[in-house]
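The values are calculated or read from the model by the stated rules, or taken from the named source; none is laboratory data. Worth saying up front: this structure is predicted, and the values here are computed from it rather than measured. Here the Cβ positions follow ideal geometry from the backbone for every residue, glycine too, while neighbour counts run over all protein chains shown.
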Amino acid sequence: MDTRFNKRLGDIFITKPRRSEIAPITFNVNERRINARTFSSPLILVGVFLALILVGAFLLSAPFAHHEQGWGDPILSIFTATSAVTVTGLIVVDTATYWTSNGQVIILLLMFVGGLGFMTLAAFLLAVLGQRVSMAQRLLIRESLGSENMGGIQRLSVTIVAAAISIQVIGFLALFARFLFSESPGEAAWQALFHSVSGFNNAGFVILNHSDGLHAFREDFVVLSIIGWLIILGSLSFWVVVDLVSKDSIRKFSLVSKIVLSTTIVLIITGTLFFLFAESNNPKTIGDLPLSAQIGVSIFEGVSGRTAGFSTIDYGYARPATDVFMSLLMFIGGATGSVAGGIKVTTFFIIVLSIVAIIRERAHVTAFGREISPVTVRRSYAVTLICLAFIFLCTLCLALTNSHVLIRDLAFESVSAFGTVGLSTGATGELNGLGHMIVAITMFIGRVGPIIVGLRMVPNREASPYRYATEPVTIG
């Protein structure tokens with residue numbers, strides 16, 4: 001009896017099961033993997049921000065949010081809500097005159113939540129929902145925030161929120177002191193609050209009590225300086241600001257901080273000099289201003305035109321060369337983990353260094369005495385090519401649906417929307433409803449797309465046990 005029992009027990013562990021017997025087990029494992037992917041944090045983020053846009057659009061459509069009779073145009077409301085949540089700043093109607101005070105408050109809240117959300121929501125959303133943070137999700141959070149650490153997510157998010165609010169409060173106080181000279185205390189406080197939030201979050205929305213908007217402040221160096229510094233701080237990322245505040249020597253900065261600061265300074269200086277050179281003799285932009293004002297406007301455009309979209313000129317009258325160069329700056333954007341869009345300055349820096357290394361026939365890419373991993377270099381090229389492809393697709397769709405607009409203007413709007421910058425040659429107002437929806441989708445993809453691409457580049461499976469044979473391929 002014992003022998004027969006042991007034999008049967010051995011058959012249970014030794015006998016190889018048939019395919020039909022293991023099929024249900026294999027199906028269940030795959031089903032669990034699919035569910036884990038389906039409800040991973042990037043899709044949660046996409047859903048949350050889509051919901052935020054829809055709620056904002058509903059509120060903006062309400063009669064109390066605008067000066068039109070009855071409920072507003074839903075496409076206009078969706079476009080404006082998307083522009084505010086993605087902190088882009090592209091508009092179809094004038095923010096100061098079309099929207100009521102209630103509508104402007106809604107836009108302010110959407111900018112505030114959108115700016116803070118993209119810096120912090122990926123960090124504490126899972127904790128709020130009570131979900132376990134997996135290793136892949138930790139990698140995603142680290143990628144979206146530009147962090148080097150895997151732990152302390154809640155503490156990190158609280159610190160980032162506190163720092164962001166503190167900077168915006170300082171900006172509010174500075175602008176309030178300036179606007180008191182020209183506005184009543186209540187109006188000065190509202191203007192200062194709105195533009196402080198819009199400036200730090202690189203949103204580009206303006207509600208100034210002037211028909212020309214920020215154009216009326218082209219010679220007001222105080223206002224331009226305050227907004228300019230808010231833009232810079234918002235586009236540097238939390239980690240770079242921490243290094244600037246806590247470390248007394250540049251040598252102690254992290255490699256990312258060194259790359260971000262050096263590239264940002266070079267881009268601002270280059271943008272300023274090019275703008276001044278191209279537009280100084282253009283009377284429709286800055287040619288009629290004194291030299292000091294021309295330099296001030298050029299510096300501001302070099303700062304804002306890269307990430308924020310505040311503008312003191314009408315880019316519809318700018319030189320074609322200016323539009324092309326500003327498109328490059330918008331495509332590059334700001335720092336990883338900041339409110340700015342674009343491919344990010346670190347990506348651009350790594351691509352330039354890798355090209356230099358190839359030309360010099362060097363096997364490794366190095367910067368500031370550190371080697372950059374080949375994986376990071378490959379990811380930089382992948383992100384750049386994906387972004388270029390999507391901008392081309394957006395421009396193509398706009399050209400098919402809005403053939404009455406010049407292709408130059410459509411390309412400029414596409415780069416501005418995808419980079420969540422907000423500069424415009426005026427083409428946005430000329431687009432039809434379908435064109436507005438294409439631009440709105442582009443703004444949304446420009447903000448959440450890099451997070452999703454970052455997740456897809458995180459290895460989630462073991463390396464293949466084999467490799468194919470190598471064969472040379474001619475290029476160039």
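A few comments on the model shown:
- Segment 360-386: number of residues that are more than 30 Å from Lys252 (Cβ to Cβ) and touching a residue at least 60 places away in the same chain (Cβ under 8 Å): 2
- Condition met for Phe58 (buried (at least 17 other Cβ atoms within 10 Å of the Cβ), in contact with a helix residue (DSSP H, G or I) (Cβ under 9 Å, 6 or more places away or on another chain), over 27 Å from Leu255 (Cβ atoms) and modelled with pLDDT of 80 or more): no
- Pairing each residue of segment 417-428 that is surrounded by fewer than 24 Cβ atoms within 10 Å (Cβ to Cβ) with any residue that is outside any loop (DSSP other than H, G, I, E, B) and β-branched (Val, Ile, Thr), provided the two are 6+ apart or on different chains, yields C-beta distances under 9 Å for Thr428/Val439.
- Look at (1) free of Cβ contacts under 8 Å to residues at least 12 places away in the same chain; (2) within 26 Å of Arg306 (Cα to Cα) and you find that Gln69 fails only one, number (2).
- Residue that is surrounded by the most Cβ atoms within 10 Å (Cβ to Cβ), among those in segment 400-415 that are small (Gly, Ala, Ser) and farther than 15 Å from Gly433 by Cα: Ser414
- Matching option when the condition is closer than 18 Å to Gly228 by Cα, without any contact (Cβ under 8 Å) to a residue 60 or more places away in the chain and out of contact with any His (no Cβ under 7 Å at 6 or more places or on another chain), among Ser311, Ser298, Ser280: Ser298
- Restricting Ile232, Ile227 to residues that are closer than 24 Å to Tyr317 by Cβ and touching a Ser or Thr at 6+ places or on another chain (Cβ under 9 Å) narrows the list to Ile227.
- Qualifying residue in segment 193-208 (condition: out of contact with any helix residue (DSSP H, G or I) (no Cβ under 6 Å at 6 or more places or on another chain) and among the β-branched types (Val, Ile, Thr)): no
- Hits in segment 88-118 (condition: over 16 Å from Leu50 (Cβ atoms), buried (at least 24 other Cβ atoms within 10 Å of the Cβ) and at pLDDT below 95): Gly89, Leu90, Met111, Gly115
- The conditions of being assigned to a helix (DSSP H, G or I), in contact with a helix residue (DSSP H, G or I) (Cβ under 6 Å, 6 or more places away or on another chain) and free of Cβ contacts under 8 Å to residues at least 24 places away in the same chain are met by Thr395.
- Boolean, Val197 is surrounded by fewer than 22 Cβ atoms within 10 Å (Cβ to Cβ), part of a helix (DSSP H, G or I) and not charged (D, E, K, R): no
- Qualifying residue in segment 243-254 (condition: of a type in the set (A, V, I, L, M) and either closer than 25 Å to Val105 by Cβ or in contact (Cβ under 8 Å) with a residue 40 or more places away in the chain (or both)): no
- Test: residue in segment 261-275 that is free of Cβ contacts under 8 Å to residues at least 12 places away in the same chain, of a type in the set (A, V, I, L, M), within 18 Å of Glu219 (Cα to Cα) and surrounded by fewer than 15 Cβ atoms within 10 Å (Cβ to Cβ): no
- Scanning segment 410-452 for residues that are outside any helix (DSSP H, G or I) and either at positive phi or hydrophobic (A, V, I, L, M, F, W, C) (or both) gives Thr420, Val421, Gly422, Leu423, Gly426, Ala427, Leu431.
- Residue match in segment 219-235 (condition: over 26 Å from Ile165 (Cα atoms) and out of contact with any strand residue (DSSP E or B) (no Cβ under 6 Å at 6 or more places or on another chain)): yes
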